[in-house]
Amino acid sequence: MARDDNRRGRDRDEAPEFADRLVAINRVSKTVKGGKRFGFAALVVVGDQKGRVGFGKGKAKEVPEAIRKATEQAKRQMIRVPLREGRNLHHDIEGRHGAGKVVMRTAPQGTGIIAGGPMRAVFEMLGVQDVVAKSIGSQNPYNMIRATIDGLNKEASPRMVAQRRGKKVADILRRDEAPAAAAPAEAAEA
């Protein structure tokens, strides 16, 4: 019995700490004989601010229960996104979901997060610190978040592209982006 307790404690210590952000809460009502019954729907974004993010929605009769359900679903649906220097996107991307379209562009250091409501929550929970994003079409927070996640799924690091194409990372990057170690070797050859 004590062994099981130790294992549970160890699992709890190893689990990364996630931050969560409540994006939207919606009150819905059902009209029944004798009046209305109210329920709540919550939309939550969860992330570790180091390249992992997920979103979830939960419905319940009470707000805290809806938020708890949404948070649990978000933790189950997390995705990993490769980030440059742990703070920026590698390249510009577009994401779509339904009528919603989002455009995400890399930005120089110090720009900050320039994005609207639900997209801002995704970037903050992901750990991106410099990005310029624009939502086109749907203003529905559910569709905006899904479009953002769709775009982030398309994000590819130079290492992933090099591996897929069977090349070295230095061959993939432009000369001005190539690592500094490769530059002296090229100068010696000339």
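The values are calculated or read from the model by the stated rules, or taken from the named source; none is laboratory data. Keep in mind the model is a prediction, meaning the values are calculated, not measured. Methodologically, a virtual Cβ is constructed for each residue, glycine included, from the backbone with ideal geometry; neighbour enumeration extends over all protein chains shown.
Could you check, for the stretch 66-73, whether at least one of its residues is crowded, with 19+ Cβ neighbours inside 10 Å, out of contact with any Cys (no Cβ under 9 Å at 6 or more places or on another chain) and either farther than 26 Å from E17 by Cβ or not aliphatic (A, V, I, L, M) (or both)? Break it down into steps so the answer makes sense when it comes.
The first filter runs over the stretch 66-73 and keeps only residues crowded, with 19+ Cβ neighbours inside 10 Å, leaving 66-67, 70-71.
Applying the additional criterion that residues be out of contact with any Cys (no Cβ under 9 Å at 6 or more places or on another chain) yields 66-67, 70-71.
Subsequent filtering for residues that are either farther than 26 Å from E17 by Cβ or not aliphatic (A, V, I, L, M) (or both) retains 71.
Looking through the stretch 66-73, at least one residue is crowded, with 19+ Cβ neighbours inside 10 Å, out of contact with any Cys (no Cβ under 9 Å at 6 or more places or on another chain) and either farther than 26 Å from E17 by Cβ or not aliphatic (A, V, I, L, M) (or both).
Any chance the stretch 57-64 includes a residue that's within 16 Å of the chain's Cα centre (by Cα) and either modelled with pLDDT of 90 or more or under 18 Å from R120 (Cβ atoms) (or both)? Talk me through it step by step, then tell me what you get.
First pass over the stretch 57-64, keeping only residues within 16 Å of the chain's Cα centre (by Cα): 57.
Pick out the ones that are also either modelled with pLDDT of 90 or more or under 18 Å from R120 (Cβ atoms) (or both) and you get 57.
Within the stretch 57-64, one or more residues are within 16 Å of the chain's Cα centre (by Cα) and either modelled with pLDDT of 90 or more or under 18 Å from R120 (Cβ atoms) (or both).
Which residue is surrounded by the most Cβ atoms within 10 Å (Cβ to Cβ), if the candidates are limited to the stretch 125-142 and must be in contact (Cβ under 8 Å) with a residue 60 or more places away in the chain and either assigned to a strand (DSSP E or B) or hydrophobic (A, V, I, L, M, F, W, C) (or both)? Steps first, answer last, please.
So in the stretch 125-142, the residues in contact (Cβ under 8 Å) with a residue 60 or more places away in the chain come out as 125-127, 141-142.
Going one step further and asking which of them are either assigned to a strand (DSSP E or B) or hydrophobic (A, V, I, L, M, F, W, C) (or both), we end up with 125-126.
Numbers: M125: 25, L126: 27.
Within the stretch 125-142, the match that is surrounded by the most Cβ atoms within 10 Å (Cβ to Cβ) is L126.
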Picked from the stretch 1-23 (must be surrounded by fewer than 17 Cβ atoms within 10 Å (Cβ to Cβ) and under 18 Å from the mean Cα position of the chain (by Cα)), the residue modelled with the lowest pLDDT is P16
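Taking the residues in the stretch 33-65 that are among the hydrophobic types (A, V, I, L, M, F, W, C) and touching an Asp or Glu at 6+ places or on another chain (Cβ under 8 Å) as candidates, determine which candidate is surrounded by the fewest Cβ atoms within 10 Å (Cβ to Cβ).
Filtering the stretch 33-65 down to residues among the hydrophobic types (A, V, I, L, M, F, W, C) leaves 38, 40-46, 53, 55, 60, 63.
Within this subset, residues satisfying the condition of being touching an Asp or Glu at 6+ places or on another chain (Cβ under 8 Å) are 40, 44-46.
Details: F40: 18, V44: 28, V45: 29, V46: 24.
The extreme case among them is F40.
Okay, residues lined up against (1) at pLDDT below 90; (2) aromatic (F, W, Y); (3) assigned to a helix (DSSP H, G or I):
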| residue | (1), (2), (3) |
| --- | --- |
| R96 | no, no, no |
| R105 | no, no, no |
| F123 | no, yes, yes |
| M144 | no, no, yes |
| L152 | no, no, yes |
| R159 | yes, no, yes |
| P179 | yes, no, no |
Any idea which of (1) part of a loop (DSSP other than H, G, I, E, B); (2) at negative phi is the one Q49 doesn't satisfy?
(2)
Scanning the stretch 95-125 for residues that are farther than 13 Å from G151 by Cα and among the aliphatic types (A, V, I, L, M) gives A99, A107, I113, I114, A115, A121, M125
Taking interchain pairs and intrachain pairs at least six residues apart, which have beta carbon atoms under 9 angstrom, with the first residue in the stretch 87-101 and crowded, with 17+ Cβ neighbours inside 10 Å and the second of a type in the set (F, W, Y)?
H97/Y142; G100/Y142
Within the stretch 68-87, does at least one residue satisfy the condition of being modelled with pLDDT under 90, outside any loop (DSSP other than H, G, I, E, B) and under 19 Å from K50 (Cα atoms)?
yes
